[in-house]
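The next block holds one structure in the form of structure tokens; read it before the comments.
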Ligand code: HGY
Ligand code: MN
Ligand code: MN
């Protein structure tokens, strides 16, 4: 169903951009590592800003490194923004975040080639530290953009490897001078790979995303007593490693007990002194809990925290915890959700409504404007894995839905 009034996406150009950006921070054997504010991230930022400039966009960078390119409309109004991220986890793929930003640039390229000026401007943004892997919380840049986290607090946040956000922004030269939160956004659309198995398993082409599930990240620090593995009777031990392991097992059990899609992950763990013949005196580890229902997520937290105290008491160790991220579930605005669904249907693409399991910048922009998301399938539901893959035809389908949705939003009556 091609409508002559709608410009055409160039799938080959989009794919070439994804592969070009994927070469920045490329890992031996495949995949990408561009942890937030590292030199690899700097190079990815420079490449992407260069593409914005090639498209004649007016670019700005704010004090936390969020970058926005604007394609002017007929009227100087708040833009319809397309956004996502280009930082990755340590075992990242070509598509997580990058696809949404580069498809946004492909939309602008198509508008430009057609000489089309929507009523409203169209902006394309990449936000700092969406992944939250090096600095927590995740979606940090977009959270600051919408006023959900004070700039100073974000800049003072320390990385898991030492430096602060402010120090790293200065080091890579990306502490911009644009005011945070500018430009104000009319509405926001994020195109992203699903990163889960739903669309792939059902053979569907488009996910019409209705919202994002709640996220709870906690760091536990267990302090015990190091001692000799060969001379310390079991009843004399204060083993931080054991308590960490028990909490990890209990987190998995809680996911089953709470149910309804409750998720629990222990992704990072560090024992000290981490030696084969020494009882660990310190364990630092993270627990990631997620649920679409806020009450269920809170219950999972209560069960976990109570067990941690109990297990620590039984072993005679100290247990401290701090929250790294806590976001309630988010519902997207029907204005955007319904329109994404209509455009998927208009293109004859198979689709379904669904929630997002992963966090996204769209959930933050939803605090200040109508926001929504479009998903395309992830092969095998794989992501945050170097073998992350989405078929080229699905990448093109998603970009076409994005173009049509953004055009309709940008041309809404003033
Ligand atoms: O953790 C997340 O869901 C996202 O990848 N930041
Ligand atoms: Mn992402
Ligand atoms: Mn991610």
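The values are calculated or read from the model by the stated rules, or taken from the named source; none is laboratory data. Since this is a predicted model, take the numbers as computed values, not measurements. Cβ coordinates were reconstructed from backbone atoms using ideal geometry, including for glycine residues, and neighbour counts include every protein chain displayed.
What tally of residues in the stretch 64-104 results from selecting those that are over 23 Å from residue 383 (Cα atoms) and under 19 Å from the mean Cα position of the chain (by Cα)?
Matching residues across the stretch 64-104 total 6.
Show the residue pairs meeting these rules: Cβ distance below 6 Å; 6+ apart or different chains; first residue within the stretch 353-368 and without any contact (Cβ under 8 Å) to a residue 24 or more places away in the chain; second residue within 11 Å of ligand 2 (Cβ to nearest atom).
Hits for this filter: zero, empty list.
Does the stretch 57-78 contain any residue that is within 15 Å of ligand 3 (Cβ to nearest atom) and either closer than 19 Å to residue 133 by Cα or in contact with a strand residue (DSSP E or B) (Cβ under 7 Å, 6 or more places away or on another chain) (or both)? Let's see the steps before the verdict.
Just the residues of the stretch 57-78 that are within 15 Å of ligand 3 (Cβ to nearest atom), to begin with: none.
Checking the stretch 57-78: not a single residue is within 15 Å of ligand 3 (Cβ to nearest atom) and either closer than 19 Å to residue 133 by Cα or in contact with a strand residue (DSSP E or B) (Cβ under 7 Å, 6 or more places away or on another chain) (or both).
Could you list, ordered by first residue, the pairs with Cβ atoms under 9 Å in which the first is in the stretch 87-101 and within 14 Å of residue 20 (Cβ to Cβ) and the second is assigned to a loop (DSSP other than H, G, I, E, B) and near ligand 2 (Cβ under 9 Å from one of its atoms), at least 6 apart or interchain?
Taking only residues 6 or more apart or on different chains, the pairs are 95/195; 95/383; 98/85; 98/88; 101/85.
For the subset of the stretch 349-390 comprising residues that are touching a helix residue (DSSP H, G or I) at 6+ places or on another chain (Cβ under 7 Å) and in a loop (DSSP other than H, G, I, E, B), which member is nearest to ligand 1 (Cβ to nearest atom)?
Ranking the candidates gives 378 first.
Kindly indicate the residue of the stretch 253-305 that is in a loop (DSSP other than H, G, I, E, B) and within 16 Å of ligand 1 (Cβ to nearest atom) and also farthest from residue 355 (Cα to Cα) among those meeting that condition.
Only one residue tops the list, namely 268.
Tell me whether the stretch 168-178 contains one or more residues that are under 30 Å from residue 377 (Cα atoms) and exposed (fewer than 15 other Cβ atoms within 10 Å of the Cβ).
Taking every residue of the stretch 168-178 in turn, none turns out to be under 30 Å from residue 377 (Cα atoms) and exposed (fewer than 15 other Cβ atoms within 10 Å of the Cβ).
Scan the stretch 299-314 for residues that are surrounded by fewer than 17 Cβ atoms within 10 Å (Cβ to Cβ) and either farther than 14 Å from residue 264 by Cβ or within 16 Å of ligand 3 (Cβ to nearest atom) (or both) and jot them down.
306, 309, 310, 313, 314
Residue under question is residue 158, and the condition is that it be at pLDDT 95 or above, within 13 Å of ligand 1 (Cβ to nearest atom) and surrounded by fewer than 24 Cβ atoms within 10 Å (Cβ to Cβ); does it hold?
Taking the combined requirement at face value, the residue does not satisfy it.
Scan 104, 92, 83 and give me the residue that is within 10 Å of ligand 2 (Cβ to nearest atom) and in contact with a strand residue (DSSP E or B) (Cβ under 8 Å, 6 or more places away or on another chain).
On inspection, the qualifying residue turns out to be 92.
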